Amino acid sequence: MQQVDFIWHNGELVAWEDAKVHVLTHGLHYGTGVFEGERAYDTPHGTAIFRHRDHLERLFKSAELYYMPIPYTLEELRSATHELIAANELRECYIRPIVFRGYGQMGLYPLDAPVEVSIAVWPWGAYLGEEGKRVGVRAKISSWRRISPDSLIPHSKASGQYLNSVLAKIEASKSGYEESILLDHHGLVCEGSGENIYAIRDGEIITPPHTAGILDGISRKSIIQITRDLGHRVVERDLARAELYLADEVFMTGTAAELVPVREIDDHTIGSGQPGPITRELARVFDDALHGRDRRYLEWLDVVEVPSKTV
Ligand SMILES: Cc1ncc(COP(=O)(O)O)c(C=O)c1O
């Protein structure tokens, strides 16, 4: 990964190589952490974090669901992120805030362990590659089911829960696919290992509902709004596996991956095997929204003052 100068750690900017924790950190052993993935883009209005407040609100909700009080306010974390991006002189970056149970208490009762907060930023290209965004990816339905809401909390973006995505991702990759698609505990379509999913059939966009155990994606919220603004019909409903194979178009969205068309699932070609017209239209408008080129979505941008590079 591409290293930068500073990381924000428990209220201070520290050098990248000094942002360390003890090996007996609670979160390292039991996965007791929650995090976010955000992006800042170089826009005509300056460097801007996409839907920053929505991401931070989700971070606070994720933490609350695991009884983890965050020792900073949302405003403090917002300005810490601005300060960090400015200190690193980054015009565009990925942003990773993490809240975790720290060092001081072992065992499964976590409430006496301290809660630590870090924010890291670094340049990070499209998660499934530029080529994937352009021509689409090949995906495989995972043999692993998405974590069920009666065992864990799919709505919380919690560190330990990502072992589920890790297993699915490894399986897909070892089988020669770029991404995995997980079914929910009922065998219905849920989402990708790190993306929400959409099928388009006869002009209608279908995406699995909250009851399927999805993560309530910020990109998903944005795509639903953009889709409606463009005059398309979007429905949140149960989606059978075969409906993916039979769809005219399939795509996925996530902060890391952005909008990625899916051209093949389990070796079935989706539609023509190329990104379809609605996917391409949504990708263009979403990309404009991310980069501050569409006036309708400027309210989604949180502009950061970044000093000019000191060479
Ligand atoms: C499991 C999972 N689903 C969906 C998403 C998409 O969410 P967002 O659009 O907020 O990045 C992510 C990415 O954070 C994810 O990890």
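Values for this structure:
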item: Evaluation of residue 307 against (1) out of contact with any Asp or Glu (no Cβ under 7 Å at 6 or more places or on another chain); (2) open to solvent by 50 Å² or more (accessible area, probe 1.4 Å) (one fails), failing number; result: (1)
item: Residues of segment 220-245 satisfying the condition of being loosely packed, with under 15 Cβ neighbours inside 10 Å and in contact with a Lys or Arg (Cβ under 7 Å, 6 or more places away or on another chain); result: 229
item: Residues (open to solvent by less than 70 Å² (accessible area, probe 1.4 Å) and touching a Cys at 6+ places or on another chain (Cβ under 9 Å)) located in segment 128-171; result: 146, 154
item: Of residues in segment 239-260 being within 16 Å of the ligand (Cβ to nearest atom) and not aliphatic (A, V, I, L, M), the one farthest from residue 95 (Cα to Cα); result: 251
item: Matching residues in segment 272-311 - criterion: being within 26 Å of residue 79 (Cα to Cα) and in a helix (DSSP H, G or I); result: 286, 287, 288, 289, 290, 295, 296, 297, 298, 299, 300
item: Qualifying residues in segment 194-230 (those that are among the hydroxyl-bearing types (Ser, Thr, Tyr) and farther than 21 Å from residue 150 by Cβ) - the one farthest from the ligand (Cβ to nearest atom); result: 227
item: Cβ-Cβ under 9 Å pairs, at least 6 apart or on other chains, segment 227-246 side without any contact (Cβ under 8 Å) to a residue 12 or more places away in the chain, far side outside any helix (DSSP H, G or I) and open to solvent by less than 50 Å² (accessible area, probe 1.4 Å); result: 228/234
item: Residues of segment 59-80 that turn out to be within 25 Å of residue 306 (Cα to Cα) and out of contact with any helix residue (DSSP H, G or I) (no Cβ under 7 Å at 6 or more places or on another chain), as a count; result: 7
item: Segments classed as helices (runs of 4 or more DSSP H), wholly inside segment 1-95, with at least 2 members that are surrounded by fewer than 18 Cβ atoms within 10 Å (Cβ to Cβ) and of a type in the set (A, V, I, L, M); result: 74-87
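The values are calculated or read from the model by the stated rules, or taken from the named source; none is laboratory data. Bear in mind that the values here come from a model prediction, so they are computed numbers and not experimental data. Cβ sites come from the backbone with ideal geometry, for glycine too, and all protein chains shown count toward neighbours. The area values use the complete protein model at the heavy-atom level, side chains included, leaving out ligands, DNA and RNA. Shrake-Rupley method; radii C 1.70, N 1.55, O 1.52, S 1.80 Å.
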